[in-house]
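Student: Before we start, here is the structure in question, set down as structure tokens.
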Amino acid sequence: MSNRNEQMINTREACKHLLVSEATMRRFLSRAPVNHIPAYKVGYQYRFYRSELTEWVKEFSSAGRERTEAVDTDSAYLIEVTGDMGTEAGKEIN
């Protein structure tokens, strides 16, 4: 959670903090509420708390790791059941 004494940053500064382009930031903002980036609309512009962005990145990357681990688990199961990666009962798995 952010410290309300913390100064808010604009979109350009948030992009620099996250090391993303402004186009990527627009995609993040348009995907609400899924993986919603913590942003506050002030007039026609968005503002961000740096600490909330840092926390969001940590949560976002953890979720990505969990999905990757699930895929790896599924692949290991297929190898165990079929003895061959990418086939199951003679059929290709896409």
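The values are calculated or read from the model by the stated rules, or taken from the named source; none is laboratory data. Here the structure is a predicted model, which means the values were calculated and not measured. Because the Cβ atoms are built from the backbone with ideal geometry, glycine has one as well, and the counts that use them run over all protein chains shown.
Every residue, every condition in (1) outside any helix (DSSP H, G or I); (2) touching a Ser or Thr at 6+ places or on another chain (Cβ under 8 Å), yes or no:
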residue: Cys15; (1), (2): no, yes
residue: Tyr46; (1), (2): yes, yes
residue: Glu55; (1), (2): no, no
residue: Lys58; (1), (2): no, no
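Student: Using beta carbons and a limit of 8 Å, which pairs, at least six apart or on different chains, have the first residue in region 45-57 and over 11 Å from His17 (Cβ atoms) and the second one in a helix (DSSP H, G or I)?
Tutor: Gln45/Thr11; Tyr46/Thr11; Tyr46/Ala14; Tyr46/Leu29
Student: Could you say whether any residue in region 23-32 is at pLDDT 75 or above and touching a strand residue (DSSP E or B) at 6+ places or on another chain (Cβ under 8 Å)? Quick ask: steps written out before the conclusion?
Tutor: Step one: of region 23-32, the residues at pLDDT 75 or above are 23-31.
Checking the rest, the ones that are also touching a strand residue (DSSP E or B) at 6+ places or on another chain (Cβ under 8 Å) come to 29.
Among the residues of region 23-32, at least one is at pLDDT 75 or above and touching a strand residue (DSSP E or B) at 6+ places or on another chain (Cβ under 8 Å), which makes the answer yes.
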